[in-house]
Amino acid sequence: MVIDDFLAHLAVERQGSPHTLDAYRRDLAALAQWAEAQEIDLPALDGHALRAFVAAEHRRGLSPKSLQRRLSACRSLYRWLLKQGRIATNPADGVRAPKAPRKLPQVLDVDEAVQLVELPTDAPLGLRDRALLELFYSSGLRLSEVCALRWRDLDVDGGLVTVLGKGSKQRIVPVGSHALRALQAWRTDAAGTPDGFVFPGRGGARINARTIQLRMKQLALRQGVFKRIHPHLLRHSFASHVLESSGDLRGVQELLGHADIATTQIYTHLDFQHLAKVYDAAHPRAKRKPGR
């Protein structure tokens with residue numbers, strides 16, 4: 001089947017994650033079901049038919065954002081079929097989904113971010129929790145990247161962390177001095193080994209993402225920060241604060257690991273202060289001591 005072949009390509013050649021493959025499978029299954037009802041084979045589907053599919057999904061109540069995702073899966077499928085020589089033209093060219101309203105991400109201001117991350121470390125798991133929050137805000141990592149992080153990925157001397165992001169793409173991100181100190185204190189306390197996870201779960205295994213999400217909510221209440229706190233909010237705050245200070249959209253794109261700069265442009269609603277051009281000067285908790 002065409003879709004099975006395409007998903008195998010994503011899994012093997014593009015190393016798509018299980019989550020990505022599931023999303024493609026659902027979206028393309030909807031296309032296949034519609035095409036079957038119209039008695040059209042997927043390789044024979046043309047632009048007119050694809051527009052009819054999008055319109056049918058829209059009438060069915062799918063949101064513009066969901067339609068955009070569904071159409072993106074269709075584009076990927078037909079680009080692959082075109083490269084394989086199984087179709088002559090891409091029917092998805094020129095087909096557009098309805099525009100979704102742009103929702104700006106909520107962010108913490110600098111004072112709120114500092115209030116959240118400056119946890120007392122004498123509480124149970126205080127050193128771990130402080131290191132966790134400092135790292136999220138310092139480097140703008142995704143939740144999945146933090147869960148997978150091992151001590152060998154952290155370069156304390158260089159102030160850098162290496163992570164494997166979406167699409168198994170590796171990137172190297174600076175870590176601020178506050179976060180480095182918190183991580184070093186936590187590693188000493190936990191006797192972390194190079195191959196061990198920085199934030200282990202039960203039995204030293206990889207920590208569950210849900211565990212971090214729930215813990216962050218608890219810590220926010222403890223610190224008197226009453227916004228809806230979650231890991232991605234700290235990533236948004238990181239991006240916004242660096243962009244406010246540096247005005248370097250391309251640099252923020254690289255730090256976040258966005259494949260498309262259009263994804264990063266959501267942060268450009270902020271006023272640029274143009275105070276610095278490098279991470280150490282831009283990030284409010286990344287200032288190094290003179291000489292470092």
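The values are calculated or read from the model by the stated rules, or taken from the named source; none is laboratory data. If you're wondering where the values come from, they're calculated on a predicted model, not measured in any experiment. Cβ: placed from backbone, ideal geometry, glycine included. Neighbour counts: every protein chain shown. Each accessible area value is taken on the protein alone, full model and side chains, heavy atoms only, with ligands, DNA and RNA left out. Shrake-Rupley method; radii C 1.70, N 1.55, O 1.52, S 1.80 Å.
Please find, among Leu249, Leu233, the residue that is surrounded by fewer than 18 Cβ atoms within 10 Å (Cβ to Cβ) and of a type in the set (A, V, I, L, M). Reasoning before the result, please.
On the way: Leu233 fails: surrounded by fewer than 18 Cβ atoms within 10 Å (Cβ to Cβ).
Every option except Leu249 fails the conditions.
With Arg187, Arg235, Arg171, Arg228 as the choices, which residue is among the charged types (D, E, K, R), in contact with a strand residue (DSSP E or B) (Cβ under 9 Å, 6 or more places away or on another chain) and within 28 Å of Ala23 (Cα to Cα)?
On the way: Arg187 fails: within 28 Å of Ala23 (Cα to Cα); Arg235 fails: in contact with a strand residue (DSSP E or B) (Cβ under 9 Å, 6 or more places away or on another chain); Arg228 fails: in contact with a strand residue (DSSP E or B) (Cβ under 9 Å, 6 or more places away or on another chain).
Arg171 is the lone residue from the list that is among the charged types (D, E, K, R), in contact with a strand residue (DSSP E or B) (Cβ under 9 Å, 6 or more places away or on another chain) and within 28 Å of Ala23 (Cα to Cα).
Could you list, in sequence order, all residues of the range 129-179 that are among the β-branched types (Val, Ile, Thr), open to solvent by less than 10 Å² (accessible area, probe 1.4 Å) and either more than 12 Å from Leu255 (Cβ to Cβ) or within 17 Å of the chain's Cα centre (by Cα) (or both)? Write out each step before concluding.
Let us first name the residues in the range 129-179 that are among the β-branched types (Val, Ile, Thr), namely 146, 156, 161-163, 172-173, 175.
Remaining after also requiring open to solvent by less than 10 Å² (accessible area, probe 1.4 Å): 146, 161, 163, 173, 175.
Across the range 129-179, the qualifying residues are Val146, Val161, Val163, Val173.
For the range 117-228, give me every one of the helices (runs of 4 or more DSSP H) that falls completely inside it and has 3 or more residues that are under 30 Å from Leu10 (Cβ atoms). Spell out how you get there, then give the answer.
Details: elements: 126-139, 143-148, 177-190, 209-222.
Helices (runs of 4 or more DSSP H) meeting the threshold: 143-148, 209-222.
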Discussion item. What pairs come out if I take residues in the range 212-232 that are without any contact (Cβ under 8 Å) to a residue 60 or more places away in the chain and pair them with residues that are open to solvent by 30 Å² or more (accessible area, probe 1.4 Å) and assigned to a helix (DSSP H, G or I) whose C-beta lies under 7 Å away, six or more apart or interchain?
Written reply: His230/Gln213
Item to complete: Taking only the range 49-71 into account, find how many residues are in a helix (DSSP H, G or I), within 21 Å of Lys99 (Cβ to Cβ) and either without any contact (Cβ under 8 Å) to a residue 40 or more places away in the chain or open to solvent by less than 40 Å² (accessible area, probe 1.4 Å) (or both).
Response: 15
